[in-house]
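Heads up: the structure comes next, in structure tokens.
Rule-based calculations on the coordinates, nothing more; no lab input. Fair warning: this is a prediction, and the values are worked out from it, not measured in the lab. Positions of Cβ are generated from backbone atoms using ideal geometry, with glycine treated the same way; all protein chains shown enter the neighbour counts.
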There are 2 protein chains.
Amino acid sequence: MTITPNYRRIVDDIKQQIADGRLTPGDQLPTVAALCKQYGVSTTAVRNAMLLLRDQGIVEGHQGKGVFVKGA
Amino acid sequence: MTITPNYRRIVDDIKQQIADGRLTPGDQLPTVAALCKQYGVSTTAVRNAMLLLRDQGIVEGHQGKGVFVKGA
DNA sequence: CCACATTTGTCCGTATGTATC
DNA sequence: AGATACATACGGACAAATGTG
């Protein structure tokens, strides 16, 4: 069971980008469609990742605008 | 944001059942299919609820067995 | 104010893999 | 070998909010 699901890989990757400073509070993430292509996965995987990241208070999504890194 | 999505209603409801003592650590939750009928929603809503509850460490899912309330 | 495109949020159905019984 | 049940994944649909013209 050492396999890592796609949605968790995305979650971890975005968390890492924030930890590395490649993403800072207020930054906008790529659109869902862009992330699908970037990671080569379906909308569901990206959606699940966003669901967890939002639930953990790491990002904030706004309809019609995008997903943004939540400020501290 | 006065509306509450189905998956969050399920999350809150199960949390409430735990808080009320109607569900105690080790208890098995109804199957996904049963929860779908119980709440009148699709598998996706139930599965999203399980995704969040697992991520929050409230429940534990085991393939072939079921979903169980995690011990404190 | 209205129409339109963009983007996220939610939801539905289904298929496949894997673990348990 | 088969049934049960969760985990992951794919695809598509509609609503709501935003921005632009």
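Within 10 Å, at most 10 other Cβ atoms, and a DSSP state outside H, G, I, E, B define an exposed site. Report the longest part of chain B free of exposed trypsin sites (Lys or Arg not before Pro).
B:23-64
Using the Karplus equation 6.51 cos²θ - 1.76 cosθ + 1.60 (θ = phi - 60°), what ³J(HN,Hα) coupling, rounded to whole Hz, does each residue of the range A:30-46 give in order, writing x for Gly and Pro?
x, 5, 4, 4, 5, 5, 4, 5, 4, 9, x, 10, 8, 4, 4, 4, 5
Which residue, A:CYS36, A:ALA49, B:ILE10, has the largest displacement toward the positive end of the dipole of the protein assembly as shown when charges sit on each Cβ (Lys, Arg +1; Asp, Glu -1)?
Of A:CYS36, A:ALA49, B:ILE10, it is A:CYS36.
Which value, in debye to the nearest 20, gives the size of the charge dipole of the protein assembly as shown about its Cα centre, when Lys and Arg are +1 and Asp and Glu are -1 at the Cβ?
Magnitude of the dipole: close to 260 debye.
Taking a label point 7 Å out from Cα toward Cβ, give me the nm distances from A:LYS37 to the same spot in the other copies, shortest first, one decimal.
4.5
Can you give the helix-only mean residue ellipticity at 222 nm for chain B, where every DSSP H stretch with n ≥ 4 adds -39500 (n - 2.57) and the sum goes over all residues, rounded to the nearest 500 deg cm²/dmol?
After summing the helix terms and dividing by residue count, I get -15000 deg cm²/dmol.
Mind listing the long-range amide H neighbours of B:VAL59? Cut-off is under 5 Å, sequence gap 5 or more, other chains count too, H placed in the peptide plane at 1.01 Å from N.
Correct list: B:ARG54, B:LYS70.
Under the Kirkwood approximation for Rh and a Cα-based Rg, what ratio Rg/Rh is obtained for the protein assembly as shown?
My calculation puts Rg/Rh at 0.99.
Mind checking which lysines have their C-alpha under 24 Å from A:LYS65, skipping anything on the same chain fewer than 8 residues away?
Once the sequence-local lysines are set aside, what remains near A:LYS65 is A:LYS15, A:LYS37.
For the range A:9-72, go through all pairs of different Cα atoms, get the mean of 1/r, take its inverse, and jot down that Kirkwood value in Å.
11.7
In terms of modelled amide H atoms, which long-range or inter-chain residues lie less than 5 Å from the amide H of A:LEU29?
A:VAL67, A:PHE68, A:VAL69
Could you work out the local net charge near A:THR4, counting Lys and Arg as +1, Asp and Glu as -1, over the other residues with Cβ closer than 11 Å to its Cβ?
Residues near A:THR4 contribute 0 overall.
A:ARG22 label points, 7 Å along Cα→Cβ, one per copy: pairwise distances from this copy to the rest in nm, shortest first?
From this label point to the equivalent ones elsewhere in the assembly: 4.6 nm.
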